[in-house]
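The values are calculated or read from the model by the stated rules, or taken from the named source; none is laboratory data. The model shown is predicted, which means the values in this text are computed figures rather than measured ones. Note: ideal-geometry Cβ built from the backbone for every residue, glycine included; neighbour counts use all protein chains shown.
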Amino acid sequence: MRISTVVICAFVIGGALALAGCGHKLVAHNGESTVAVYPDEDTFVKLVDLKKQGGVGGMIGGLGEGLAAKQVDNNTPVRIIRSDEKGSQVEVLDGAFKGMQGFVPQDNVH
């Protein structure tokens, strides 16, 4: 009887640790205090391509980012819905944009 109690407690503690370790947060870089969350991956790719062009295309890409992406506070908890090599589709779990879903580049989620 004593061994089964120990085993159950070990599973409960292990499960609690696993859940605590699964939290993801948005991470801002280069002194920024917010992270751009794009409506979807296609929008992100198009805006990055425009910004790479420089000149007028780069300016349009910068303006498009300001209009299309929502700026979410650094360290905001998120749930990853799916990911690929470019980034993750996330759901914001707290703050002003709680419940919002969008795409975040890979280096902005930890």
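Search the stretch 34-47 for residues that are in contact (Cβ under 8 Å) with a residue 12 or more places away in the chain and pair each with any residue that is among the hydroxyl-bearing types (Ser, Thr, Tyr) and outside any helix (DSSP H, G or I) when their beta-carbon atoms are under 8 Å apart and the residues are at least 6 apart or on different chains.
Taking only residues 6 or more apart or on different chains, the pairs are Val35/Thr76; Phe44/Tyr38; Leu47/Tyr38.
Within the stretch 63-84, how many residues are of a type in the set (S, T, N, Q) and either touching a residue at least 40 places away in the same chain (Cβ under 8 Å) or in contact with a Gly (Cβ under 6 Å, 6 or more places away or on another chain) (or both)?
3
Output the residues belonging to the stretch 1-26 that are basic (Lys, Arg) and either within 15 Å of Gly66 (Cα to Cα) or modelled with pLDDT under 95 (or both).
Result: Arg2, single match.
Is it the case that some residue within the stretch 27-41 is part of a helix (DSSP H, G or I), modelled with pLDDT of 90 or more and not hydroxyl-bearing (Ser, Thr, Tyr)?
Initial filter on the stretch 27-41 (part of a helix (DSSP H, G or I)): 41.
Filter again for modelled with pLDDT of 90 or more, leaving 41.
Subset that is not hydroxyl-bearing (Ser, Thr, Tyr): 41.
Yes.
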